[in-house]
Amino acid sequence: MTVTGTLSFLVRILFVFGLIESVAVAHPPRQETVSKESVSVLAAGDLMLGHRLVSVIRRRGVDYPFDSVASVIREADIAVANLEAPFTTGGTAFQKEYNFAVPPSFITGPVRAGFDLFTLANNHILDFGVEGLRSTIHTLDSTGIAYCGAGFDLEESIRPALLTRKGIRFGFLAFSLTFPEAFWASPGRAGTAYVRPEKLETIIRKVRESADVVIVSFHWGGESVTEPRPYQIQYARRAIDAGADLVFGHHPHVLQGLEIYKGRLIAYSLGNFIFGSYSAKVHDGALLRTWFSAEGLRAAEILPISVNNYTVRFQPRLFHSAERLKTIESLNALSKPLNGGKELLRPDGSIRFKTD
């Protein structure tokens, strides 16, 4: 066994027996690749504060769902999640099985937790029509949280969110590849950003002209499906080909694998973050923490979280020790088919961009 292999084995044993705790809020992985000038970006999966969570928040307060992970969120220079329900008390419910809405006053929770940006491109943001979308955008504007992925016409929906940190310009784009089609924006019609692959490339190249780093989010895949579908792989790789530095996804509510493509990272699904319903199929999710320089992605790591609401009661918690390692091993297994059989994740959750 090599020295690297021996160290990896020892770390694994220590995790299993609980002799070392999570390094979730420790220093960035591979210190030699991350300088003080690097910008950290934390990405989370689906955030939905409605449905069964409404009564919980009214009873326990708006900070309750975030309390166990807020310190990690606040550490990031930019924190982003998929906002899976509109902030509204009005509008008309769309005719489908599940419609979610969140009281606008609940925005205080994610604001205090440290979120800077929400992606709106998903299959619930128009659950209460244009009025619900308008209320959501007004709520975000009033609190200073940026957004992308939806708007009052097609042009607005594909407009990037532009943020600058430490002199590095970030361009965020978000697209929904989920139904109903009635939610997709078109010229003169409000909705979510939906594009075909060839149009996607044009949009990314345009954003690249005014951004040092481009990050693309997709709402896609099958619910409770742990393998990315062929179209997800096609879109993700074309996004990278067009100049995206990072691609991350959500909608399946469960984790999907990671892929290194042309030296850049694709996280096909981060699973749930905070979601106001119970599901026997949903147990673990992940936060994706990344570091960027003006030249692109420098380092990345996965922070496994427990999102089983039967046990965490709508308050996600960082996994520690054996549970953390179990999620990392599971994610490695999901990622191997996407990377020629190679393991991407080290036992500490950091991601290998080259064989080591």
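The values are calculated or read from the model by the stated rules, or taken from the named source; none is laboratory data. Worth saying up front: this structure is predicted, and the values here are computed from it rather than measured. All Cβ positions, glycine included, derive from the backbone under ideal geometry; neighbour counts span all protein chains shown.
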Report summary line: A careful count of residues in the range 153-177 that are crowded, with 23+ Cβ neighbours inside 10 Å and farther than 23 Å from Gly45 by Cα gives 0
Query raised in the report: Do we have Glu181 as of a type outside the set (Val, Ile, Thr), more than 21 Å from Ala81 (Cβ to Cβ) and at pLDDT below 95 here?
Result: no
Query - Residue tally, condition assigned to a loop (DSSP other than H, G, I, E, B) and either under 22 Å from Ala85 (Cβ atoms) or of a type in the set (D, E, K, R) (or both), over the range 284-303 - result: 1
Query - Those residues of the range 79-92 which are farther than 12 Å from Ile274 by Cβ, small (Gly, Ala, Ser) and assigned to a loop (DSSP other than H, G, I, E, B), in sequence order - result: Gly90, Gly91
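Per-residue answers, yes or no, for (1) in contact with a helix residue (DSSP H, G or I) (Cβ under 9 Å, 6 or more places away or on another chain); (2) surrounded by fewer than 24 Cβ atoms within 10 Å (Cβ to Cβ); (3) in contact (Cβ under 8 Å) with a residue 40 or more places away in the chain:
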| position | (1), (2), (3) |
| --- | --- |
| Phe179 | no, yes, yes |
| Ala185 | yes, no, no |
| Val195 | yes, yes, no |
| Ile215 | no, no, yes |
| Trp220 | yes, no, yes |
| Asp245 | no, no, yes |
| Gly249 | yes, no, no |
| Arg264 | yes, yes, no |
| Phe275 | yes, no, yes |
Query - Looking only at the range 62-78, and only at residues there that are aliphatic (A, V, I, L, M) and in a helix (DSSP H, G or I), the one that is nearest to the chain's Cα centre (by Cα) - result: Ile73
**Report entry** Check on Ala294, hydrophobic (A, V, I, L, M, F, W, C) and out of contact with any helix residue (DSSP H, G or I) (no Cβ under 7 Å at 6 or more places or on another chain)
**Finding:** yes
Query raised in the report: Looking at (1) without any contact (Cβ under 8 Å) to a residue 12 or more places away in the chain; (2) touching a Phe, Trp or Tyr at 6+ places or on another chain (Cβ under 8 Å); (3) hydroxyl-bearing (Ser, Thr, Tyr), which is the one condition that is false for Thr311?
Result: (2)
**Report entry** Exclusive hit being closer than 25 Å to Phe115 by Cβ, touching a residue at least 12 places away in the same chain (Cβ under 8 Å) and of a type in the set (Ser, Thr, Tyr), set Ser350, Ser335, Ser321, Ser330
**Finding:** Ser350
